[in-house]
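Step one of this worksheet: look at the structure below.
The values are calculated or read from the model by the stated rules, or taken from the named source; none is laboratory data. All figures in this text were calculated on a predicted structure; none of them were measured in a lab. A quick note on method: Cβ atoms are made from the backbone with ideal geometry, for glycine too, and the neighbour counts reach across all protein chains shown.
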Amino acid sequence: MQSGASGRLAVPRAGAAEAAPTPENVLALVDQAAGIAAAKGRAIQAITAQTRILALNATIEAARAGEAGRGFAVVAGEVKAVSAEVARLAAEMEGELSAAFGALRGLGRRMAEEVRSERLVDLARNAIEIMDRNLYERSCDVRWWATDSAMVDALEQPGTARLAQATARLGVILSAYTVYLDLWICDAAGRVVASGRPERFPQARGLDVSQESWFRAALESASGDDYAVADVAAQPALGQAPVATYAAAIREGAASRGRVLGVLGIHFDWAPQARAVVEGVRLTAEERGRTRVLLLDARHRVLAASDGAGLLRDSVALATGGREAGAYGDGRGGVVAFHRTPGYETYRGLGWFGAVLQGPA
């Protein structure tokens, strides 16, 4: 803000568009008020200096007038004394106001930093919460579809007809749930016997997944209430696309504690879904160019980034200090904010983080 010619604060008129009440706006007003106070102090000092010169000239003229100018000399002396007192008070006022404005400015900066940090932590939490809710649905999908009769029949009564029915069923599911790249039915030995997109990903059929962590965890699960999940990774059989894989045991008779016949693995199409989350974080137009929104795994590896850089390759040196959430300066005038996954419903999460890295304005 700038002061007008009169040196008054530029306060918006009623009905005029007002700036958002942010700490930065308060700091701007403090700086403006400090500038006006300093200018007024200098003006007072200038006036008192002129008054002292006039008093001095009056004293000289009174001395020339002799006895006739004695009374005038007394008045000139009083004017000079008053001028000196005004100058002293003006100097004291300027010093005190300067100190007060300095303290207010420091307080305002701390408030601005705190507000900024809290907001960025909230944005980081919002990003990871949205993803958690999304992945919670994936954990529900896989447990539900593992009880589908087409999945169970494909492993209870293996044969060409049953596998064809299962493949068709997987295709129907994929047509309705576009967030998945593919769905795989795996037998107990870890061989993919049916998939939902055999034309697009023919290499999936017959693939050995017995060493995959999601397969082994689902195969060893205690009941139909359990599911397995693997961290995001590129899947060669799906054209190296990054996927988050969820899995659940397919059990005899679709019973919750029935004998395990195999595993259903569902591959969440990670890239577009995660990109939508980090790019959807509500930043101002001014912030976007200096802010990076991230989803990080438990080891702080980049799973998603608003700038698209370093995916599944780079890591961020996130200094959490064992905290679930927080913010700290990056040493260059920027702020790093983070929030660990809070989980959602029965989905506990994988220790991932939402993070916001914002450079200085």
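Of the residues in the stretch 209-260, how many are over 37 Å from the mean Cα position of the chain (by Cα), in a helix (DSSP H, G or I) and either under 21 Å from R348 (Cα atoms) or basic (K, R) (or both)? Residues meeting the conditions: 1. Examine the stretch 192-210 for a residue that is out of contact with any Gly (no Cβ under 9 Å at 6 or more places or on another chain), surrounded by fewer than 19 Cβ atoms within 10 Å (Cβ to Cβ) and either aromatic (F, W, Y) or under 23 Å from A298 (Cβ atoms) (or both), and state whether such a residue exists. No, that holds for no residue. Checked against (1) at pLDDT below 75; (2) exposed (fewer than 12 other Cβ atoms within 10 Å of the Cβ), R88 passes all but condition (1). Just so you know, in the stretch 311-325 the residues that are within 16 Å of D231 (Cα to Cα) and not acidic (D, E) include one that is surrounded by the fewest Cβ atoms within 10 Å (Cβ to Cβ), and it is R313.
Do we have any residue at all in the stretch 275-286 that's at positive phi, modelled with pLDDT under 95 and out of contact with any Phe, Trp or Tyr (no Cβ under 6 Å at 6 or more places or on another chain)? No, the stretch 275-286 has no match at all.
Filtered by the rule that a residue be assigned to a loop (DSSP other than H, G, I, E, B) and modelled with pLDDT of 95 or more, the stretch 116-162 gives A146, T147, D148. Beta carbons closer than 7 Å, at least 6 apart along the sequence or on distinct chains, never pair a first residue in the stretch 198-224 that is more than 10 Å from A237 (Cβ to Cβ) and without any contact (Cβ under 8 Å) to a residue 12 or more places away in the chain with a second that is assigned to a strand (DSSP E or B) and among the acidic types (D, E). Inspection of the stretch 158-170 finds a residue satisfying the criterion of being surrounded by fewer than 18 Cβ atoms within 10 Å (Cβ to Cβ), over 30 Å from H300 (Cβ atoms) and β-branched (V, I, T).
Only one entry of R332, R340, R348 meets the criterion of being in contact with a Gly (Cβ under 9 Å, 6 or more places away or on another chain) and surrounded by fewer than 18 Cβ atoms within 10 Å (Cβ to Cβ), and that entry is R332. Take A234 and decide whether it is within 29 Å of L303 (Cβ to Cβ) and in contact with a helix residue (DSSP H, G or I) (Cβ under 6 Å, 6 or more places away or on another chain). Against the criterion (within 29 Å of L303 (Cβ to Cβ) and in contact with a helix residue (DSSP H, G or I) (Cβ under 6 Å, 6 or more places away or on another chain)), A234 does not qualify.
Only one entry in G265, G308 is among the small types (G, A, S), outside any helix (DSSP H, G or I) and at positive phi, namely G308.
Among residues of the stretch 118-131 that are over 15 Å from V336 (Cβ atoms), those with a beta-carbon under 6 Å from a residue that is assigned to a helix (DSSP H, G or I) and aliphatic (A, V, I, L, M) at least six positions away or on a different chain give the pairs I130/V277; M131/V277. Of the residues making up the stretch 140-150, not one is surrounded by 22 or more Cβ atoms within 10 Å (Cβ to Cβ) and farther than 19 Å from L261 by Cβ.
For residues that are of a type outside the set (G, A, S) and surrounded by fewer than 13 Cβ atoms within 10 Å (Cβ to Cβ), tally how many sit in the stretch 269-287.
Of the stretch 269-287, the ones of a type outside the set (G, A, S) are 269-270, 272-273, 275, 277-279, 281-284, 286-287.
Those still in the list that are surrounded by fewer than 13 Cβ atoms within 10 Å (Cβ to Cβ) too: 272, 282, 284, 286.
Number satisfying all stated conditions: 4.
Would you mind finding the one in V336, V281 that is touching an Asp or Glu at 6+ places or on another chain (Cβ under 7 Å) and either more than 14 Å from A244 (Cβ to Cβ) or part of a loop (DSSP other than H, G, I, E, B) (or both)?
The unique qualifying residue is V336.
Selection within the stretch 171-185: residues that are surrounded by fewer than 18 Cβ atoms within 10 Å (Cβ to Cβ) and of a type in the set (S, T, Y). The member of this set that is farthest from E324 (Cα to Cα) is S175.
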